[in-house]
Amino acid sequence: MSIQTSVQQLIEKLYNQKISEEQIQLQRTKKEFKGHLTLVVFPLLKISKKNPEQTANEIGEYLLQHELLIVEYNVIKGFLNLIIAPSYWLNLLNQIHSNEMFGFKEVSENAPLVMIEYSSPNTNKPLHLGHIRNNLLGYSLAEIMSANGYKVVKTNIVNDRGIHICKSMLAWKNWGNGATPESTGKKGDHLIGDFYVLFDKKYKEELKKLEEKGLNKEEAEKQSSLMADAREMLRQWEAGNEEIVSLWKMMNNWVYAGFDETYKRLGVDFDKIYYESETYLVGKEQVLEGLKKGVFSQKEDGSVWADLTADGLDNKLLLRADGTSVYMTQDIGTAKLRFNDYPINKMVYVVGNEQNYHFQVLSLLLDKLGFEFGKGLVHFSYGMVELPEGKMKSREGTVVDADDLIEEMVITARQTSEELGKLDNCTPEEAKNIVEIVGLGALKYFILKVDPRKNMTFNPKESIDFNGNTGPFIQYTYARIQSVLRKAQEQGITLSGKLSSGLELGLKEEELIQTLDSFPSIIEEAAETYSPAVIANYIYDLVKEYNQFYHDYSILGEKDMELKMFRLTLSFNVGKVIRNGMSLLGIRVPDRM
RNA sequence: GGUCCGGUAGCUCAGCUGGAUAGAGCAACAGCCUUCUAAGCUGUGGGUCGUGGGUUCGAAUCCCGCUCGGAUCACCA
């Protein structure tokens, strides 16, 4: 029985009446006060018919006598602070100690299946900072859901068709001289991205020339032969022109090879990848079927629409007059294919908040088409990453490239590590490994610690701090814990059996253990509200406590062997919690730094 | 204009299913390396929680108005 239930039952006995769960407000005692748990007595005043202090004392006295786990209490205003018996914490610590996967739930046979879509790149450009936030959030979400006992399928939808890809292809054909990733030494996605930029440049030159001839902007855009070529290419692609399709395949494969490298370095992966080139026709079928069923309507020009005015939204186009599909149609098709492949109970889309409206509509449409998960689909909407000067703009060249950023982080990690002499005793391989983990840990924590909903500012000049509330700080703490354990082992110190005597010393450890206690529930809560930031901050709190603890210890000095044993054990468990938490977030921790 | 989201220390952010004196990091200042890793620790200063009302024992937190900022309302994806 939990302390919560026990307290509730005892109070019911004391006042001889039924008390609801909401009336029992048991929370962690603030660190300024003495105690572990605090009961807020205000909601109980109506029942006790006494003032807050009297009520608190009355309850405190009763609990002290009837609940063995409560060994002491004090009252401050309307707050009843309870002190829990060391045996309880000891027991808890032992439980944690014996459970390697502390904080993780098992995935049962009939657990609900959640599919998480994230990343969703276009194949005409390399990944950028916005994708990094998306990837880290999506991957962390998957890890958290999985740790909470869900079956998780990570998926990616690649936007591999459309006019933008044709632009890259056209530029490559016209001015590429047969360039390949091998011949240029460029990563495939960057190579294609360069051709996309090149197309834009040539197109602008063409427009300028036309405008110099006296055409206005609109006329110039209409007369542009480059744009006409691109459109023609798209038409031929859709018609299945062999030459175009094989060029398309070759170039896309270059891009995928490039993406894979970035994903791998970032530590994210997918169970199943969908391509829009394979889903857009399915979407069309679904829409036509919906039309047959009378869910959608057709205009005179042949275009198909969904009337969502009854749901407070507008009319939405689903198929153009020429029968071609739009973005929404593709998402419907993708949903269909996915549902064919997996028994999806819950669908989560990790997509930026500029598409909030789109997903509102998609949810309604899928529901109308009879998809069970449609109504309950979750758009995990996150804010944009902005630069100090404002938004990233590809036209102004202010886009922060993902590969560049990662490389910069790792380089900075190396410089800092070398300055601090952290790598002095490492082999080159070890050093490379550590620097990679630290650099990426810094980046990941920096991104994940911010509430996903909020827009965040990224300052590339100041880059990312390695001090304070950062990934490396947490990794550092973990590394130190490992060091403690190594040295303990060298001295032949074993960890078991010495706990109770350590507790007798009555130090501050209860506080620390108490935070360990609430870890699983916090994870659960975080997963429900989809906020990895909650976990990140929680872990940070834990680490703070460890450091406080360590500081006290260095001041005390250590002659007492029992005390030492106790602290070693404790450190071990904090280390485990940190490790588990970090792995949930997809952040690796080095065991030495 | 409609809808949605945000506004907390100089900066970057926590806290938001109502609870005690609103917390961290950075930046500033003052201390701490023969003692398990100083990527650290301790202390000081720094706040009309955008604003006005309401709800109540109690509001950064809930409700309403206003205001500022962002997103969106395409036969783009």
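How much of the accessible area of chain A, probe 1.4 Å, is carbon plus sulfur, in whole percent? Please list the in-between numbers first.
On the way: 14200 of 29120 Å².
Ligands and nucleic acids excluded, carbon and sulfur give 49 percent.
Nearest 5 is fine: what % of DSSP beta bridges in chain A come out antiparallel, could you say? Before the final figure, lay out each step's value.
On the way: 23 of 44 bridges.
Counting only bridges with both partners in chain A, antiparallel ones make up about 50 percent.
Rounded, prolate or oblate: which one fits the stretch A:194-337, using the alpha carbon gyration tensor with axes a ≥ b ≥ c (rounded when a/c is under 1.5, else prolate when a/b beats b/c, else oblate)? Walk me through the numbers on the way to the answer.
Values: a/c = 2.03, a/b = 1.17, b/c = 1.74.
Since a/c reaches 1.5 but b/c is at least a/b, the shape of the stretch A:194-337 is classed as oblate.
What's the local net charge at A:Gln9, with K and R +1, D and E -1, over the other residues with C-beta under 14 Å away? Each step should come with its number before you reach the end.
Working: positive: A:Lys13, A:Lys18; negative: A:Glu12, A:Glu21, A:Glu67.
Net local charge, A:Gln9 excluded: -1.
On a 0 to 90° scale, report how tilted helix A:86-98 is relative to the longest principal axis of chain A, with both axes built from alpha carbons and the result rounded to the nearest 10.
40 degrees
Please report the antiparallel percentage of the DSSP beta bridges confined to the stretch A:47-172, to the nearest 5.
Numbers: 6 of 12 bridges.
So the antiparallel bridges in the stretch A:47-172 amount to around 50 percent.
Quick one: angle between helix A:428-448 and the longest Cα principal axis of chain A, in degrees between 0 and 90, rounded to 10, please.
Once rounded, the angle reads 90 degrees.
For A:Lys368, go through the lysines and keep the ones whose alpha-carbon is under 20 Å away, minus same-chain ones fewer than eight residues off.
Answer for A:Lys368, where 20 Å is the Cα cut-off: A:Lys284, A:Lys292, A:Lys293, A:Lys299, A:Lys316, A:Lys336, A:Lys346, listed by chain and number.
Could you sort the peptides A:212-225, A:52-65, A:305-318 by per-residue average Cβ neighbour count (10 Å cutoff), highest mean leading? Could the numbers behind the result be given before it?
Values: A:212-225: 12.1, A:52-65: 17.9, A:305-318: 14.9.
So the order, starting with the most tightly packed, is A:52-65, A:305-318, A:212-225.
Just the accessible area per residue of chain A, please: how many Å² with a 1.4 Å probe?
Working: 29120 Å² over 593 residues.
Per-residue accessible area for chain A comes out at 49 Å².
The values are calculated or read from the model by the stated rules, or taken from the named source; none is laboratory data. Just so we're clear, the structure is a prediction, and the values are computed from it rather than from any experiment. So basically every Cβ, Gly included, is an ideal-geometry build from the backbone, and we count neighbours across all protein chains shown. All accessible areas refer to the heavy atoms of the entire protein, side chains included, with ligands and DNA or RNA removed. Shrake-Rupley method; radii C 1.70, N 1.55, O 1.52, S 1.80 Å.
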